Amino acid sequence: MKIDGGCHCGAINYEAEVDPEKTSICHCTDCQQLTGTAFRVSVRVPEEDYHITRGTPKVYIKTGASGAKRAQGFCGECGSHLYATSVGDGPKVYGIRVGTARQRDELVPKTQYWHRSALHWLPEFEGIRIVEEQ
């Protein structure tokens, strides 16, 4: 499925070819803090299928509890989070933030990760596979 989107202010745009079945929710505490809300929804896509068509994201390198580093791409003007990806050599997979895609209504999550960190007041999402950690 072809998607396109960008940041809130329009400084950065992208296009991607995604598999909607790879859309997921992450409840980890890092995602809660980085998004400023209860969870993050993203769709994974190989590097060759993700293209920035306008602008250049700023990148913040986050170190997770496991020690793994993740590059967090965001707009330096409006702060919109655009993606996360691995750091270092080798093929990359981008986790595109679903809220930045024009087709976000069609990207329905299929899996929830780090469910053990889900906030207790969230409703259960029916029909979505649960993984307590990652």
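Note on the range 36-102: enclosed strands (runs of 3 or more DSSP E) holding 3 or more residues that are touching a residue at least 24 places away in the same chain (Cβ under 8 Å) and surrounded by 11 or more Cβ atoms within 10 Å (Cβ to Cβ) are 40-46, 50-54, 81-86, 93-97.
Screening Gln103 against (1) out of contact with any Leu (no Cβ under 7 Å at 6 or more places or on another chain); (2) of a type outside the set (A, V, I, L, M, F, W, C); (3) within 25 Å of Glu124 (Cβ to Cβ) leaves a single unmet condition, (3).
In the range 103-121, is there at least one residue being β-branched (Val, Ile, Thr), in contact (Cβ under 8 Å) with a residue 60 or more places away in the chain, assigned to a strand (DSSP E or B) and surrounded by 15 or more Cβ atoms within 10 Å (Cβ to Cβ)? Among the residues of the range 103-121, at least one is β-branched (Val, Ile, Thr), in contact (Cβ under 8 Å) with a residue 60 or more places away in the chain, assigned to a strand (DSSP E or B) and surrounded by 15 or more Cβ atoms within 10 Å (Cβ to Cβ), which makes the answer yes.
Read-outs: derived from the displayed coordinates by stated rules, not from any lab. Note that this is a predicted model, so its numbers are computed, not measured. Neighbour counts are summed over all protein chains in view; Cβ atoms, including those assigned to glycine, are modelled from backbone coordinates with ideal geometry.
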